[in-house]
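In what follows, a single structure is set out as structure tokens and then discussed.
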Amino acid sequence: MFYTVIFFSVLVLLFLLWDVKKPPKFPPGPKWYPIVGCALQISELRLKCGMFCKVVDELAKYYINPYGLYGLKIGRDKVVIAYYSDTINEMMTNEDLDGKPDGIFYRMRTFNSKKGILVTDEDLWVDQRRFILRHLKDFGFSRAGMVNIIQHEASFLLEELREIVNEQGGKQAEVSMHDLFKVNVLNTLWSMMASKRYDRKSEEITDLLTMFFELFQNVDMVGALFSHFPFIRFIAPNYSGYNAFVESHQRIYTFLRREVENHRKTYGIMTCPVI
């Protein structure tokens, strides 16, 4: 029994030492700890900064190498951050880096399977991309009629800017760029697909944009804490980001179901935009 305990203790020690050892030529980054990697540091910075993109900026100040790269380890997942524009461009054009992550975080939002174009790869991604582009073109994507929709929406944006200027004296104004274009971009796509546009001040569009902002603030493509440690969603559903993830998606699904049902009721009655 004694030797068995010693044997397993040595195995655990070796595993912990192996777990914090970085692969050869792995980019510099925060210190790794057994099992969690640098997840705790990332979590603290995320609470401080608010969004993961700001965490990326913060870590780049200390760890980025001359090639514009630095590395993280969140749970079992090793992540390499490309920070410089030329490095990002090289990464985006390298077919060896076309793979997409997989796991509970990415499958939960698509009914426990890989769907769509954001988290699919290989032949499935090619088929999905071809399918989506074909149907978007049927709706007018990349056609001359889409220019008219964009110009129409741009006229609303200019009018809104004039109102902001007039409200602040009529000569000049400070304009927040944080949410200036959100409604207009959404209206461009929604007008093309559903023959519907939203007023910037409508409660419906405000709720929708708030949903998306909260979703991107709480979770992103790197994942939430529960995506790297799935068991923790049962122990700490709030801290792990699981509850926020589920609630955000439920609200989005409710909105989409309402839009689909409305489209079914009005299909053939509404006048589709001329493309």
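Every number here is computed from the coordinates shown, using simple stated rules; none is lab data. Since the model is a prediction, treat every value here as computed from it, not as a measurement. When we count neighbours, we look across all protein chains shown, and the Cβ atoms used for this are built from the backbone with ideal geometry, even at glycine.
For residues that are among the aromatic types (Phe, Trp, Tyr) and under 24 Å from Pro230 (Cα atoms), scanning just the range 11-60, find the one that is surrounded by the most Cβ atoms within 10 Å (Cβ to Cβ). First the steps, then the outcome.
Initially, the range 11-60 is screened for residues among the aromatic types (Phe, Trp, Tyr), giving 15, 18, 26, 32-33, 52.
Subsequent filtering for residues that are under 24 Å from Pro230 (Cα atoms) retains 15, 18, 32-33, 52.
Numbers: Phe15: 11, Trp18: 9, Trp32: 21, Tyr33: 15, Phe52: 19.
Looking at the filtered set, the residue picked out is Trp32.
Among the residues of the range 97-119, is there at least one that is acidic (Asp, Glu), in a helix (DSSP H, G or I) and surrounded by fewer than 14 Cβ atoms within 10 Å (Cβ to Cβ)? No, the range 97-119 has no match at all. Sub-7 Å Cβ pairs linking a first residue in the range 185-197 that is farther than 14 Å from Phe156 by Cβ to a second residue that is among the charged types (D, E, K, R) and part of a helix (DSSP H, G or I), at least 6 apart or interchain, are Ala194/Glu259, ordered by first then second residue.
Taking Cys38 and the conditions (1) within 30 Å of Asp123 (Cβ to Cβ); (2) touching a Lys or Arg at 6+ places or on another chain (Cβ under 8 Å); (3) of a type in the set (A, V, I, L, M, F, W, C), which numbered condition does it fall short on, given that it satisfies the others? Failing condition for Cys38: (1). Of all residues in the range 64-88, exactly one satisfies the criterion of being exposed (fewer than 15 other Cβ atoms within 10 Å of the Cβ), within 17 Å of Gly99 (Cα to Cα) and touching a Phe, Trp or Tyr at 6+ places or on another chain (Cβ under 8 Å), namely Val80. Kindly check whether there is at least one residue in the range 130-138 that is in contact (Cβ under 8 Å) with a residue 12 or more places away in the chain and either on the phi < 0 side of the Ramachandran plot or surrounded by 11 or more Cβ atoms within 10 Å (Cβ to Cβ) (or both). Yes: one or more hits.
State whether one or more residues within the range 209-230 are closer than 19 Å to Val55 by Cβ, among the charged types (D, E, K, R) and without any contact (Cβ under 8 Å) to a residue 40 or more places away in the chain. Can you show your working first?
Just the residues of the range 209-230 that are closer than 19 Å to Val55 by Cβ, to begin with: 213-229.
Keeping just the survivors that are among the charged types (D, E, K, R) gives 214, 220.
So of that shortlist, the ones also without any contact (Cβ under 8 Å) to a residue 40 or more places away in the chain come out as 214.
For the range 209-230, residues closer than 19 Å to Val55 by Cβ, among the charged types (D, E, K, R) and without any contact (Cβ under 8 Å) to a residue 40 or more places away in the chain: present.
Looking at Glu167, is it touching a Lys or Arg at 6+ places or on another chain (Cβ under 9 Å) and more than 30 Å from Lys114 (Cβ to Cβ)? Considered against the rule, which asks whether it is touching a Lys or Arg at 6+ places or on another chain (Cβ under 9 Å) and more than 30 Å from Lys114 (Cβ to Cβ), Glu167 comes out as no. The condition of being at negative phi, surrounded by 12 or more Cβ atoms within 10 Å (Cβ to Cβ) and charged (D, E, K, R) holds for only one of Glu214, Glu167, that being Glu214.
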